[in-house]
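The values are calculated or read from the model by the stated rules, or taken from the named source; none is laboratory data. If you're wondering where the values come from, they're calculated on a predicted model, not measured in any experiment. Because the Cβ atoms are built from the backbone with ideal geometry, glycine has one as well, and the counts that use them run over all protein chains shown. Calculation scope for accessible area: heavy atoms of the full protein, side chains included, ligands and nucleic acids excluded. Shrake-Rupley method; radii C 1.70, N 1.55, O 1.52, S 1.80 Å.
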Amino acid sequence: MTKSSLRLSVFGAAAAALVAIASPGSAADIVGLITKTEGNPFFVKMREGAQAKAAELGIELRTFAGKFDGDNDSQVAAIENLISAGAKGFAIVPSDSSAIVPTIKAARDAGLLVIVLDTPLDPIDAADATFATDNFKAGELIGSWAKATLGDKAADAKIAFLDLATNQPTVDYLRDQGFMKGFGIEIKDPKRYGDEDDARICGHEMTGGAEDGGRTAMETLLQKCPDVNVVYTINEPAAAGAWEALKAVGKDDGSVLVTSIDGGCPGVANVKAGVIGATSQQYPLKMAAMAMEAIQKFAKTGEKPAKTEGLDFLDTGATLITDKPVAGVESIDSAKGKELCWG
């Protein structure tokens, strides 16, 4: 297949379900980046990191994104395109941690290095490597902060969980259950949430990781639990939506602790503004840049990335950001968080 016909094939297949962007470079060194969606600031920063590193390394980057969070079919099509293109490997943020596994296997069988970013596969060893925040630890940080902030009142807390999606991808249950551990809630099935019997839990509602989803989910939980005083959110857009729902019923008076995970610049600004009490910051640009380096190294030497000692993935770090620190939970303030934020 000629280079021009390959390009037509790639973009023709992508037009129905994908957003694809290619950077110039050598066809012998094609690498891919596949994210869940195009517009989420977390994925925008990830793409920026990959593009900058690819340009530095002199490799050709092709990036793809689905139409919505959970769009597994688009990710399957993207992987098939990269296999056909003869790519050396790709990094992917899976929309469905389990459903994508057979296509990941096909890519690895074809000789591509597969690095998962942010959201581990189920099982995690279905990829060659995973570069991610320790999502359980990120959740545990905000759960511990909320518990310590409430003090004795934590025993009678009313907690709303604003989660991601009904299929509960790994990033979803890890963050949720990390929060539960930090707050002192017993975890049942370690790979599913919603089966807990702790009376402090008002319920779990899905947000899609979006602001409008967060608002709707919070409105639903307020009907069930009007005396809610703690809110866990899967990410900062969901937290912003939750705040709007709380504000609409007069609960923007400091009586509700809102916690989240991501550390994007809008989220850090909301910590400073008092909308979010604490968030765990992660580093998407770093994840993507490291993945580009690892794929190039694999292409040259056949060496695969190592894991962080004691973990089954490479931990790219998480930091608690709050302007109301508590004893026993290490954190930085929003001013420092602003220096490190993204988006």
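Here are the numbers for the structure shown:
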{"quantity": "Ellipticity estimate at 222 nm from DSSP helix runs (n ≥ 4, -39,500 (n - 2.57)) divided over the chain, nearest 500", "calculated": "-13000 deg cm²/dmol"}
{"quantity": "Among 71-78, 154-161, 59-66, 30-37, the order from most to least packed when residues are scored by Cβ within 10 Å on average", "calculated": "30-37, 59-66, 71-78, 154-161"}
{"quantity": "Nearest 10 degrees, 0 to 90: helix 170-183 Cα axis against the chain principal axis", "calculated": "30"}
{"quantity": "Heavy-atom accessible surface of region 81-201: percent carbon and sulfur, 1.4 Å", "calculated": "48"}
{"quantity": "Cubic angstrom per residue, convex hull over Cα atoms of the chain", "calculated": "122"}
{"quantity": "Principal-axis tilt of helix 135-150 within the chain, Cα atoms, nearest 10 degrees", "calculated": "10"}
{"quantity": "DSSP beta bridge pairing in the chain, given as percent antiparallel to the nearest 5", "calculated": "20"}
{"quantity": "Hits among lysines - C-alpha to C-alpha of Lys300 under 28 Å, sequence gap 8 or more where chains match", "calculated": "Lys3, Lys45, Lys53, Lys88, Lys105, Lys286"}
{"quantity": "Heavy-atom surface of the chain, accessible at 1.4 Å and reported per residue (Å²)", "calculated": "40"}
{"quantity": "For region 33-81 versus region 282-330, the gap between their alpha-carbon centres in whole angstrom", "calculated": "18"}
{"quantity": "Set of lysines with alpha-carbon distance to Lys158 below 30 Å, sequence-local pairs under 8 removed", "calculated": "Lys137, Lys147, Lys181, Lys188, Lys191, Lys224, Lys247, Lys251, Lys272, Lys324"}
{"quantity": "Coarse-grained scattering of region 25-148 at q = 0.15 Å⁻¹, given as base-10 log I(q)/I(0) from a Debye sum over alpha-carbon atoms", "calculated": "-0.67"}
{"quantity": "Normalised convex hull volume, region 164-268, alpha-carbon set, Å³ per residue", "calculated": "99"}
{"quantity": "Contour minus Cα-Cα distance for Lys336 and Ala55 (0.36 nm per residue)", "calculated": "98.2 nm"}
{"quantity": "Cross-link partners of Lys67 among lysines (Cα-Cα below 17 Å; sequence separation of 8 or more within a chain)", "calculated": "Lys36"}
